[in-house]
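To start, the structure itself, in structure tokens.
Rule-based calculations on the coordinates, nothing more; no lab input. A quick note: this is a predicted structure, and the numbers were derived from the prediction, not measured. Cβ placement follows ideal geometry from the backbone for every residue including glycine, while neighbour counts extend to all protein chains displayed.
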């Protein structure tokens, strides 16, 4: 049981790191790139400033 808890925490920390990297990458997308994706700079501001632990896939 102890090993499973460690694996779960490692997976969670890995996911948090992934989310932080993805949100940082969103901030670097050009306005033209955002337009191609159908996103606005305001959309990116909201998403990229969410805390790393706020995972939309875990809801």
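Observations
- Options 26, 10; residue that is assigned to a helix (DSSP H, G or I) and touching a helix residue (DSSP H, G or I) at 6+ places or on another chain (Cβ under 9 Å): 26
- The numbered conditions (1) part of a loop (DSSP other than H, G, I, E, B); (2) surrounded by fewer than 10 Cβ atoms within 10 Å (Cβ to Cβ) are all true for residue 32 except (1).
- Given (1) loosely packed, with under 13 Cβ neighbours inside 10 Å; (2) assigned to a helix (DSSP H, G or I), index of the condition residue 53 fails: (2)
- Within the stretch 1-20, tally of residues that are over 16 Å from residue 46 (Cβ atoms) and surrounded by 11 or more Cβ atoms within 10 Å (Cβ to Cβ): 6
- So residue 48, is it more than 16 Å from the chain's Cα centre (by Cα) and surrounded by 11 or more Cβ atoms within 10 Å (Cβ to Cβ): no
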